[in-house]
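The values are calculated or read from the model by the stated rules, or taken from the named source; none is laboratory data. Quick caveat: nothing in here was measured; it's all calculated off a predicted structure. As a convention, Cβ positions derive from the backbone with ideal geometry for all residues, glycine included, and neighbour counts pool all protein chains shown.
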Amino acid sequence: MSFESLKGKKASMEELKRRVEHVKRIIVHHPNYGELLEELNMMLFFSEDSVSPEGLYIYGPSGVGKSTVTTEFTARYPREIVKTVEGEYTHITVLHVRVPPKATPKMLASKILEVMGDPLHHKGTLTDLTSRIHHFVRKLGIRMIILDEFQHLIDADTDHVLTTASNWVKTFTEEIRIAVVLCGMPESVSVFLSNPQLDRRYCNKVMLEPFKYGTVEEIITFRAFLKKIDMDLPFPNPSNIADPHLAAKIYYISKGIPFYVMKLMERATYFAALQGADQISEIHMAQALPKLKQVARPYVINPFTDIHFDLATAISSENDAEDRFKEKLMVNTRKSSNKR
Ligand SMILES: Nc1ncnc2c1ncn2[C@@H]1O[C@H](COP(=O)(O)OP(=O)(O)O)[C@@H](O)[C@H]1O
Ligand SMILES: [Mg+2]
């Protein structure tokens, strides 16, 4: 796709949308991302016709790219309609399923059938549903099932692990004889703590981490990530977001989580194109920032309006502000309990 100079003229609504949509589709194959793709690839290969295929568990905080990487892997194997003498069916190599919240075994089994395309996915007992999954796995040629949002096997209201569902996953993994990948937020680790047999099935645990910004190497890696984004941004000129000063500011806002980096770029693209610019500048990022408020960070500053920005100082003053807030909260709680 090409993005011509706007020559200082405001982009049309269509053009704005086209550019923002382009940013939404940018995927960078950064080192950890590439390693995971390779891991999935190996797993698919090694589990084929294996007596006991290995399990893989991918975990990491929200927004690091777990769903992005597993979806990209799934999309490498497009579904194909196969015509046979008995009729047609859809050949599916990798099945990507999102575990429903507060999953019961039946809800989970039904969800798997639904993604397989079974119109009767909600019909029958758990045993019926499970044996239909086995049937469809063979019939459709499924070689890998990815269960995303695995933390939904924990009841978010009580923090209790949903034991019947985790047991179902364990037995299912043992019996299905194809690769099963579990993918979730770090808290989903407690599902394994409460189910050692499941834990043994998923010895291979890979963490997808946010970028870090401490050592020289970490900084280089994050800047390389930004550089790749920059090359893909929908403008004719580079935006130089990998510049050390800008990179530190973007790190401060994102804490190294790709989701926030991309949201910032998406909004900044909008403002830049709206103003007829041919690259994103700090001013556009400054305008974009109020549109991406993080409730967990009430004391975050706008680094893009701060010419004296220093990462370490900014992080420590944010922490101090939080501590002061907590202290005040404690004093007030004590005061009100003394009154009673
Ligand atoms: N490798 C990447 N390159 C570019 N953007 C990414 C990448 N990984 C994640 N993102 C951005 O972060 C957003 C959230 O990613 P997602 O895969 O949903 O995270 P998770 O499933 O870990 O919560 C994506 O929509 C995308 O904009
Ligand atoms: Mg996800």
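Could you go through the range 77-86 and let me know if any residue there is among the polar types (S, T, N, Q) and touching a residue at least 12 places away in the same chain (Cβ under 8 Å). For the range 77-86, residues among the polar types (S, T, N, Q) and touching a residue at least 12 places away in the same chain (Cβ under 8 Å): absent.
Selection of the range 72-96 for residues being crowded, with 19+ Cβ neighbours inside 10 Å and either part of a strand (DSSP E or B) or hydrophobic (A, V, I, L, M, F, W, C) (or both) yields Phe73, Ile92, Val94, Leu95, His96. Looking only at residues in the range 252-270 that are in contact with a Lys or Arg (Cβ under 9 Å, 6 or more places away or on another chain) and of a type outside the set (A, V, I, L, M), the one that is farthest from Pro238 (Cα to Cα) is Lys255.
Here Phe136 clears all of (1) touching a residue at least 24 places away in the same chain (Cβ under 8 Å); (2) among the hydrophobic types (A, V, I, L, M, F, W, C); (3) closer than 28 Å to Val51 by Cβ except the condition numbered (1).
Any chance the range 123-133 includes a residue that's more than 16 Å from ligand 2 (Cβ to nearest atom) and closer than 21 Å to Glu80 by Cα? Explain how you work it out, then say what you get.
Taking the range 123-133 as the starting set, the residues that turn out to be more than 16 Å from ligand 2 (Cβ to nearest atom) are 123-133.
From what's left, closer than 21 Å to Glu80 by Cα: 132-133.
There is at least one residue in the range 123-133 that is more than 16 Å from ligand 2 (Cβ to nearest atom) and closer than 21 Å to Glu80 by Cα.
Residues that are part of a strand (DSSP E or B), within 16 Å of ligand 2 (Cβ to nearest atom) and not hydrophobic (A, V, I, L, M, F, W, C) within the range 149-205 comprise just one, Gly184.
Taking Lys255, is it basic (Lys, Arg), more than 16 Å from ligand 1 (Cβ to nearest atom) and surrounded by 15 or more Cβ atoms within 10 Å (Cβ to Cβ)? No; evaluated as a whole, the condition is false for this residue. Answer yes or no: is there a residue in the range 189-201 that is under 30 Å from Met1 (Cβ atoms), away from ligand 1 (no atom under 13 Å from the Cβ) and buried (at least 22 other Cβ atoms within 10 Å of the Cβ). Checked against the condition, which is being under 30 Å from Met1 (Cβ atoms), away from ligand 1 (no atom under 13 Å from the Cβ) and buried (at least 22 other Cβ atoms within 10 Å of the Cβ), the range 189-201 yields no hits at all. Any chance the range 209-224 includes a residue that's within 23 Å of Glu38 (Cβ to Cβ), at pLDDT 95 or above, away from ligand 2 (no atom under 16 Å from the Cβ) and not in a helix (DSSP H, G or I)? Within the range 209-224, one or more residues are within 23 Å of Glu38 (Cβ to Cβ), at pLDDT 95 or above, away from ligand 2 (no atom under 16 Å from the Cβ) and not in a helix (DSSP H, G or I).
When residues in the range 262-276 are screened for being within 16 Å of ligand 2 (Cβ to nearest atom) and free of Cβ contacts under 8 Å to residues at least 40 places away in the same chain, 1 of them pass.
When residues of the range 227-252 are filtered for being more than 10 Å from ligand 1 (Cβ to nearest atom), within 11 Å of Val23 (Cβ to Cβ) and β-branched (Val, Ile, Thr), how many remain? Let's see the steps before the verdict.
Kept after step one, since they are more than 10 Å from ligand 1 (Cβ to nearest atom), are these residues of the range 227-252: 227, 230-231, 233-252.
In the following step, the residues that additionally are within 11 Å of Val23 (Cβ to Cβ) were identified as 233-235.
Subset that is β-branched (Val, Ile, Thr): none.
Selection size over the range 227-252: 0.
Provide a single number: the residues in the range 1-28 that are in contact (Cβ under 8 Å) with a residue 24 or more places away in the chain and not hydrophobic (A, V, I, L, M, F, W, C).
Residues of the range 1-28 that are in contact (Cβ under 8 Å) with a residue 24 or more places away in the chain, as a first pass: 1, 3-11, 15-16, 18-20, 22-24, 26-28.
Filter once more, keeping what is not hydrophobic (A, V, I, L, M, F, W, C): 4-5, 7-10, 15, 18-19, 22, 24.
The total comes to 11.
Please verify whether Leu108 is in a helix (DSSP H, G or I) and in contact (Cβ under 8 Å) with a residue 60 or more places away in the chain, treating the condition exactly as stated. So that I can check it myself, show each step before the final result.
Details: in a helix (DSSP H, G or I): yes; in contact (Cβ under 8 Å) with a residue 60 or more places away in the chain: yes.
In short, yes.
Do we find that Thr171 is touching a residue at least 60 places away in the same chain (Cβ under 8 Å) and over 23 Å from the mean Cα position of the chain (by Cα) in this structure?
Values: touching a residue at least 60 places away in the same chain (Cβ under 8 Å): no; over 23 Å from the mean Cα position of the chain (by Cα): yes.
In short, no.
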